[in-house]
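The values are calculated or read from the model by the stated rules, or taken from the named source; none is laboratory data. Keep in mind it's a predicted model, so treat the numbers as computed, not measured. All Cβ positions, even for glycine, are placed from backbone atoms using ideal geometry, and neighbour counts span all protein chains on display.
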Amino acid sequence: MNPRLPPLPDDQWDDRARDALAGLLPRGLRNARGAGNAMATLVRHPELTKAFLPLSTHVLFSSTLPPRLRELATLRVASRRDCAYEWAHHVRMAREAGLTEAEIEAAGRGKAVDPLDGAVLDAVDELEDDSAVSDRTWAALGEHLDERQRMDLVFTIGVYGVLAMALNTFGVQPDHDE
């Protein structure tokens, strides 16, 4: 599939494009190759990218949710949204966060053995299907996660859902190294 919006070529990057990524990437990576296909596509609209990235950056780097659970939820979103870029990118991150290959594969199917993992996957499925987490799942999450962690989980699912929609619509392909 050819991308509808290909990554912005290096010769078209200007200060606005580079500045849009300032909160996420060091200066040396604010270019087509360093930013990767997703960010190099998003900077076609620097103002939108600059507005979106603070929340996305919070979810990725400042969330109270443990990285392992963040990646479990993100993989489930990527699978449900059939987002090849998000799946490929977050499989690597899931491994770094401690998920096993079996857990990664199970996330794609929405299956888990562990009760907390199951509640996280259920939360993704419920938000995707109904735009709300059920009382049962909220209570199950509450046995392991505090209020802020549950809030961060909902926003993690939402942010990666929005990003998956954008990446799929724009035709963003996985980076070559993933």
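Things to note:
- Within segment 44-56, residues that are among the β-branched types (V, I, T) have Cβ atoms under 8 Å from residues that are in a helix (DSSP H, G or I) in these pairs: T49/A20; T49/M39; T49/L42, counting only partners at least 6 apart in sequence or on another chain.
- Failed condition for K50, given (1) assigned to a helix (DSSP H, G or I); (2) among the charged types (D, E, K, R); (3) touching a Pro at 6+ places or on another chain (Cβ under 9 Å): (3)
- In segment 60-75, the residues that are at pLDDT 95 or above form Cβ pairs under 7 Å with partners that are among the aromatic types (F, W, Y), at six or more places apart or across chains, as follows: T74/Y160; L75/W87.
- Condition check for T57: surrounded by fewer than 17 Cβ atoms within 10 Å (Cβ to Cβ), among the hydroxyl-bearing types (S, T, Y) and assigned to a helix (DSSP H, G or I): yes
- Filtered residue count, segment 1-49, keeping only those that are charged (D, E, K, R) and crowded, with 18+ Cβ neighbours inside 10 Å: 1
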